[in-house]
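Novice: Got a structure for you, written out below as structure tokens; questions coming shortly.
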Amino acid sequence: MAEAIQKKLQSELEKYQQLQKDVSKSMSARQKLEAQLTENNIVKEELALLDIQNTVYKLIGPVLVKQDLDEAKATVSKRLEYINGEIQRYETLLKEMERKSEQHREVLSSLQHVNIFCFEMPQAADM
Amino acid sequence: MTYLHDQMASTGKVKRSKDLPQGAERLKEEHRKVVKDCRSQIEHWNKVEKDYESLQDRLRTLPDKLSYDIMVPFGPLAFMPGKLVHTNELTVLLGDNWFAKCSAKQADTLVEHRKKHVKNALDDLQKVMKNFQNKDDFTDDLEKLAGDTEDFVDIREEVINEEEFTKGKRLAHKPNSKPKQEYLSDLEEDTEKKEGDEERTTGLLSEEELWARLDELECEEELQDERYRHAVRINTGKNTTLKFSERNEQKVQAKRKKKSGKSNGLSPHESYKITSPADIYRVFVDLVNGEPIPRKSILKSRSRENSVCSDTSESSTADFEERRAAFGRSWSHDDATHSDTSDGITEEESPTGTSPRTNGRFEAFTGTVIEKEPLPCSIPYLTIAPPALPTIPERKLEEVGPEALQEPPKRMSKFKATRLHQT
């Protein structure tokens, strides 16, 4: 009985660890997105500072491609929106994962209790 | 200070837990970590700001000349002499792979704009650092406060469960415990007045005789108690408990004498055992004209007893008067032996005929006994029974035999008597 519980505990633990990894991955992705967000904001502001005379280039691979200022502004705005949306998505994902991990945590703790109960009691009895 | 702490801890009352300094330490550690992080970040941003400032300087000086002679880096290892031309034309990286061609001045503006961002970040970091620094100081203060026995003390009391439960044991009142003394003390005072004269003449017995008398009474009472262990339902409350009370009083008086003579530590209530609910009624007796009268209800006061509340009470008062007279006569007699059977049987037939019988004998029971089931009386809610008694059902088993004969006649008597009286 104790072994079965131990096995169960192990599997639950593994699941929980996997979940934790996923959570951390999502967290880092979200952080990256946050950085991109700030960057694009700065770009937007600086583009606003420029006038039409300045030519704007976009680096695509090794090539600097000339862009229109307005086009550039639009592109940047779109990118910003996209980034915001991505952040939202990651937020919900993280919440979901957090909830699941919480459940797993509870299961783990209950298993631990049972484990202690029927594992250490016989040990104590043996002693 | 630690010595004081230990002292307080040892008493067990004020808990000087080790958690507090440990927790505080941990907290302070965390604070320090955050502050360190903040500091490093501030350093970084400061560097960035410096860089931007030097860049600005370059930008301002760059358009001064049309071209500059420089050593141009050729790959990672070589340089070549060259010239820097178009000094006003700059391609600025805006971020996220966006570039813009602008003049030096425009670049300057951009740099200025970026510096604003850096300054914002720096300000935020400074705020955070300050916050955590304050928290750190506060925890320091808190620790000091908590540690200080002078100003403030975190009062904590550990609940030592076992101690509390075993110290003040909640015992059920033993029959000889105080509460009863109160009730009977009045009794003693009252009876003393009336009986004092009567008793004094015959009461001048020797101590040994008193002791003997007392022992007899005790045996008697035990017998009594055994027999009337089952609950007595008292309809009027007056008749049935009279005997108990009187007998009790006698005992009390004897004991009182004994007490006055010997002044031993015994309380007059030691023979006064409450082992059934009926015994309680014994306790609650009033005195009317110096005679003890059992109360109709232990909750009611005496004043109501004289009022006419029911038919049965009238008849019973009639009985009662006669009995009282009889008892009054026999008050002075001391007699050890006593028969229950005679009481029940004879009384129902003629109340007046009680007097010859009561010569020297206090009947334990003047009324009728209405048997109840064993179960209800084993759960007495008013009983102040000592815990060490055998259970009532057990006792009942003992007494069922001898009393079987007595019961039928007794059961009929009360109602019949009252009915007879009424009709």
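Here, each number is a calculation from the coordinates, and none is a lab measurement. None of these values were measured; they are calculated from a predicted model. Glycine also receives a Cβ, built like all others from the backbone with ideal geometry; neighbour counts cover every protein chain displayed.
Novice: Excluding A:T55 itself, what net charge comes from residues whose Cβ is under 15 Å from its Cβ, given Lys and Arg +1 and Asp and Glu -1? Write out the running numbers ahead of the final one.
Specialist: Details: positive: A:K58, A:K66, A:K73, B:K101; negative: A:E46, A:D51, A:D68, A:D70, A:E71, B:E89.
After counting each charged neighbour, the total is -2.
Novice: Relative to the longest principal Cα axis of chain A, at what angle does helix A:2-49 sit, 0 to 90 degrees, rounded to 10?
Specialist: Helix A:2-49 sits roughly 10 degrees off the main axis of chain A.
Novice: Considering only DSSP states other than H, G, I, E and B, which trypsin sites (Lys or Arg not before Pro) in region B:32-104 qualify as loop sites with at most 14 other Cβ atoms within 10 Å?
Specialist: Details: sites: B:R32, B:K33, B:K36, B:R39, B:K47, B:K50, B:R58, B:R60, B:K65, B:K83, B:K101; in loops: B:K65.
Sparse-neighbourhood loop trypsin sites (Lys or Arg not before Pro): B:K65.
Novice: How much net charge surrounds B:D123 when only the other residues with a Cβ under 13 Å from the Cβ of B:D123 are counted, with Lys and Arg +1 and Asp and Glu -1?
Specialist: Spelling it out: positives minus negatives among the neighbours equals +3.
Novice: Just to confirm the number: angle between the C-alpha axis of helix A:69-126 and the first principal axis of chain A, 0 to 90 degrees, nearest 10?
Specialist: Approximately 10 degrees, to the nearest ten.
Novice: Counting only other chains, and only Cβ atoms inside 10 Å, what mean value do you get across the residues of A:35-44? Display every interim value, and only then the final one.
Specialist: On the way: counts 0, 2, 0, 3, 4, 4, 2, 8, 7, 4.
Whole-number average of other-chain Cβ neighbours for A:35-44 is 3.
Novice: Can you give the average number of partner chain beta-carbon atoms within 10 Å of each beta-carbon in peptide B:101-110, as a whole number? Don't skip to the answer; put the middle values down first.
Specialist: Details: counts 7, 8, 2, 0, 0, 6, 0, 0, 3, 5.
Neighbouring Cβ atoms belonging to other protein chains average 3 per residue here.
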